[in-house]
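Down below is the structure, laid out as structure tokens.
The values are calculated or read from the model by the stated rules, or taken from the named source; none is laboratory data. Since we're looking at a predicted model, the values are computed, not measured. Glycine gets a Cβ as well: all are built from the backbone with ideal geometry, and neighbour counts include every protein chain shown.
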């Protein structure tokens, strides 16, 4: 028995299996439901809120119909968008991202907060030209509220809530960066938290401590794409800031007396793979 040939065959089969899994994960997504209990709300029935993040121009089916159908199936009270629906890259079309948001906003009320890609298009016109203006003009076609360091009051039955969209500076997204966001900067951007139940849309989960100190009851984040590749018992491998094994890579975190839910995102961009890390549509199911 030639062990060298056997080892080579095993390695080839392993690579083929990994490539097949990457291909499979690129074509689908899972729906992840988080149960949120608010005893003081006294809700008569559960209410669903859908959270969409990090689509990056991806399409699930023609015109994103598979994704739209999955959102429709949840019958959400409204949809929260956590940013990075387009890709901020020169000569990349905005058509898929605009089309998705247009279709979504015709069916559902949307509260949209930017990610670092929307922000880059806005603050670097010398690089991206009029991409931001084109995008904003394109998505203002239905029931959409864009939250740029501002908030809106909403109700689940008779329970008041505040939806807040936070946009932090690009310095907090830089690769290899060790900048630390503090509560004081969040207060400067948003003002003091109001005395109601608050959902904070904050794209980068790395600064959970600052969001919790500000007072967000639940922070919704994305950005990390689940860590690109996920390993058993370890979690995500790489963050966009090029840090290994990021602490906040996906899922539900409860720290600092508050809660954060991190979407693993619906698309990819710079590292165009997912492995053992399916894209996900996040649903928050509120009940008493």
- request: Can you give me the number of residues within the range 180-205 that are closer than 24 Å to residue 283 by Cβ, in contact with a helix residue (DSSP H, G or I) (Cβ under 9 Å, 6 or more places away or on another chain) and either assigned to a loop (DSSP other than H, G, I, E, B) or at pLDDT below 95 (or both)?
  value: 2
message: Being farther than 20 Å from residue 279 by Cα and crowded, with 19+ Cβ neighbours inside 10 Å is the requirement here; does residue 114 meet it?
response: no
task: Could you please let me know if residue 222 is within 23 Å of residue 50 (Cβ to Cβ) and at pLDDT 95 or above?
output: yes
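Output the residues belonging to the range 160-179 that are touching a helix residue (DSSP H, G or I) at 6+ places or on another chain (Cβ under 8 Å) and either at pLDDT 95 or above or part of a loop (DSSP other than H, G, I, E, B) (or both).
Taking the range 160-179 first, the residues touching a helix residue (DSSP H, G or I) at 6+ places or on another chain (Cβ under 8 Å) are 164, 166-168, 170, 172-173, 177, 179.
Scanning the range 160-179 gives 164, 166, 167, 168, 173, 177, 179.
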- request: Take the range 98-113 and flag every residue that is outside any helix (DSSP H, G or I) and either touching a residue at least 40 places away in the same chain (Cβ under 8 Å) or touching a helix residue (DSSP H, G or I) at 6+ places or on another chain (Cβ under 8 Å) (or both).
  value: 108, 110, 111, 112, 113
- request: Working only within the range 22-42, note down all residues that are surrounded by 11 or more Cβ atoms within 10 Å (Cβ to Cβ), modelled with pLDDT under 95 and closer than 22 Å to residue 155 by Cβ.
  value: 38, 41
- line: Filtering the range 60-76 down to residues that are surrounded by fewer than 17 Cβ atoms within 10 Å (Cβ to Cβ) and assigned to a loop (DSSP other than H, G, I, E, B) yields 61, 75
- line: Subset of the range 238-265, residues surrounded by fewer than 17 Cβ atoms within 10 Å (Cβ to Cβ), assigned to a strand (DSSP E or B) and touching a helix residue (DSSP H, G or I) at 6+ places or on another chain (Cβ under 8 Å), comes to 255
field: All positions within the range 266-282 that are closer than 18 Å to residue 240 by Cβ, buried (at least 18 other Cβ atoms within 10 Å of the Cβ) and in contact with a strand residue (DSSP E or B) (Cβ under 6 Å, 6 or more places away or on another chain)
entry: 266, 277, 279, 280
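Going by the structure shown, is residue 273 assigned to a loop (DSSP other than H, G, I, E, B), in contact (Cβ under 8 Å) with a residue 24 or more places away in the chain and more than 17 Å from residue 53 (Cβ to Cβ)?
When the stated conditions are applied, residue 273 passes them.
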- prompt: Which members of the range 77-96 meet the condition of being buried (at least 21 other Cβ atoms within 10 Å of the Cβ) and more than 15 Å from residue 119 (Cα to Cα)?
  reply: 79, 80
query: Got at least one residue in the range 35-54 being in contact (Cβ under 8 Å) with a residue 12 or more places away in the chain, touching a helix residue (DSSP H, G or I) at 6+ places or on another chain (Cβ under 8 Å) and not in a strand (DSSP E or B)?
result: yes
